[in-house]
1. For the condition at pLDDT 95 or above and more than 20 Å from Phe259 (Cβ to Cβ), what is the one hit in Leu78, Leu93?
2. Which pairs do you get when a residue that is more than 13 Å from Cys201 (Cβ to Cβ) and loosely packed, with under 15 Cβ neighbours inside 10 Å, found in the stretch 319-334, comes within reach of a residue that is at pLDDT 95 or above and not acidic (Asp, Glu), reach meaning Cβ atoms under 7 angstrom, with the pair 6+ apart or on two chains?
3. If the Cβ limit is 8 Å and pairs must be 6+ apart or interchain, which residue in the stretch 57-85 that is within 23 Å of Leu127 (Cβ to Cβ) and basic (Lys, Arg) pairs with which residue that is in a loop (DSSP other than H, G, I, E, B) and modelled with pLDDT under 85?
4. Considering only the stretch 126-158, state which residues are in contact with a Cys (Cβ under 9 Å, 6 or more places away or on another chain) and surrounded by fewer than 16 Cβ atoms within 10 Å (Cβ to Cβ).
5. How many of the residues making up the stretch 235-254 are in contact with a helix residue (DSSP H, G or I) (Cβ under 9 Å, 6 or more places away or on another chain) and either at pLDDT below 95 or part of a strand (DSSP E or B) (or both)?
6. Among the residues of the stretch 161-192, write down those that are out of contact with any helix residue (DSSP H, G or I) (no Cβ under 8 Å at 6 or more places or on another chain) and farther than 30 Å from Leu230 by Cα.
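The values are calculated or read from the model by the stated rules, or taken from the named source; none is laboratory data. Everything numeric here is computed off the predicted structure, so don't read it as measured data. Don't worry about glycine lacking a Cβ; one is built from the backbone with ideal geometry, like all the others, and counts go over all protein chains shown.
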Amino acid sequence: MIYPGVYRRTPSLWFRLHSTYVRKMRYLFDLKEDDDICRQAQNSGTFYLFHNLSPFLQKVGSKYLAPQISAVEMKSTLGKLKHNEQMIENSVLIGCSDACMAYFALDLGFLEKSVIESELKGSFTELRKALFQLDGKDRPLLSSAQALLRWHDTHQFCSKTGQPTQKNVAGSKRVCRTSGIIYYPQMSPVVITLVSNGSQCLLARQAAFPKGMYSALAGFCDVVFPGETLEETVRREVAEEVGLEVESLWYSASQHWPFPNSSLMIACHAIVQPQQTKISMNKLELEAARWFSLEEIEEALKRGPKPLKQENQSVSLCLPPKWAIAHQLIQEWVKQQASKPA
């Protein structure tokens with residue numbers, strides 16, 4: 001006989017005990033908190049390689065891959081390059097597989113770049129370019145890896161004592177032995193906002209963007225006046241950059257972004273009143289800003305990330321790539337427009 005109360009509880013208990021996600025998170029916690037466990041994982045895990053923050057890629061056929069180098073191969077490569085295999089302890093933990101195989105990132109900037117590329121038959125590629133060349137599964141890991149490696153490179157001394165800090169084996173923190181202060185990696189919160197007025201959405205571009213590319217408005221939460229909420233940041237950024245007042249807003253999703261130093265992109269939609277169509281652009285922040293119709297956005301989505309030149313040699317609208325959260329915001333707006341009653 002199955003008792004109702006037992007039946008209701010058993011699936012939940014089974015799930016908690018066997019959940020792949022829970023098992024992974026518990027294992028990652030142990031790796032970050034226990035140096036001995038992490039050292040053991042370094043001897044059986046895999047490594048993503050960097051050189052001065054540029055990831056190592058290999059071309060396989062028409063595709064680019066970020067190869068996972070086994071611990072055995074990593075030690076062998078370091079030996080061939082006449083470096084002690086203990087250099088592996090300079091690596092940082094960046095995740096693990098469902099089977100709890102640990103992933104590490106190691107920057108070999110202390111070695112000759114061309115020698116490593118020749119030995120491993122690949123090339124170190126600037127991260128922005130690499131993100132366009134890779135498929136989806138490696139992008140988040142490489143982004144996290146570069147952000148963590150950069151943080152360790154720029155936080156080697158205690159801000160209070162000036163003494164060197166030391167990382168734990170996993171690289172999840174740095175400690176000043178003199179003061180006991182523990183430093184943890186940080187991300188800067190950034191709001192990225194798609195503004196719309198009912199029938200159009202507003203996109204803008206900075207001078208550094210590729211030709212023809214427009215994206216959603218973005219800005220850091222205020223560091224001059226700490227304590228600004230996300231809602232206040234959205235309203236302030238829209239007012240500062242395009243001179244419009246937000247009537248309502250809502251959260252969509254978030255994404256880690258490694259540029260410029262490690263940001264948490266917090267994506268929102270914002271509505272301004274339909275009569276607010278006149279843009280007062282902040283020229284210190286933006287190169288251009290304008291309203292786009294649903295038809296213009298749909299055409300740009302069909303074209304993909306590469307802009308086309310028209311007969312008059314002007315460049316047509318180009319949107320952010322699919323893996324960027326700005327693209328997700330634009331796709332959501334298109335679906336919202338399509339669901340409106342005729």
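1. On the way: Leu78 fails: at pLDDT 95 or above.
The conditions single out Leu93.
2. Here the result reads Pro321/His327, each pair linking the stretch 319-334 to a residue that is at pLDDT 95 or above and not acidic (Asp, Glu).
3. Once the first residue is within 23 Å of Leu127 (Cβ to Cβ) and basic (Lys, Arg) and sits in the stretch 57-85, its partners that are in a loop (DSSP other than H, G, I, E, B) and modelled with pLDDT under 85 give Lys63/Asp135.
4. First pass over the stretch 126-158, keeping only residues in contact with a Cys (Cβ under 9 Å, 6 or more places away or on another chain): 157-158.
Passing the criteria: only Phe157.
5. Qualifying residue count for the region: 5.
6. If the condition is that a residue be out of contact with any helix residue (DSSP H, G or I) (no Cβ under 8 Å at 6 or more places or on another chain) and farther than 30 Å from Leu230 by Cα, then Thr161, Gly162, Gln163, Pro164, Thr165, Gln166, Val175, Cys176, Arg177, Thr178, Ser179, Gly180 are the ones that fit.
The rows are residues; the columns are (1) of a type in the set (S, T, N, Q); (2) over 26 Å from the mean Cα position of the chain (by Cα); (3) surrounded by 17 or more Cβ atoms within 10 Å (Cβ to Cβ); (4) not in a strand (DSSP E or B).
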{"residue": "Tyr48", "(1), (2), (3), (4)": "no, no, yes, no"}
{"residue": "Phe56", "(1), (2), (3), (4)": "no, no, yes, no"}
{"residue": "Val72", "(1), (2), (3), (4)": "no, yes, no, yes"}
{"residue": "Leu78", "(1), (2), (3), (4)": "no, yes, yes, yes"}
{"residue": "Gly95", "(1), (2), (3), (4)": "no, no, yes, no"}
{"residue": "Leu111", "(1), (2), (3), (4)": "no, yes, yes, yes"}
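Quick grid of which residues meet (1) modelled with pLDDT of 95 or more; (2) in a helix (DSSP H, G or I):
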| site | (1), (2) |
| --- | --- |
| Met1 | no, no |
| Val6 | no, yes |
| Ser12 | no, yes |
| Phe15 | no, yes |
| Arg23 | no, yes |
| Tyr27 | yes, yes |
| Lys32 | yes, yes |
| Cys38 | yes, yes |
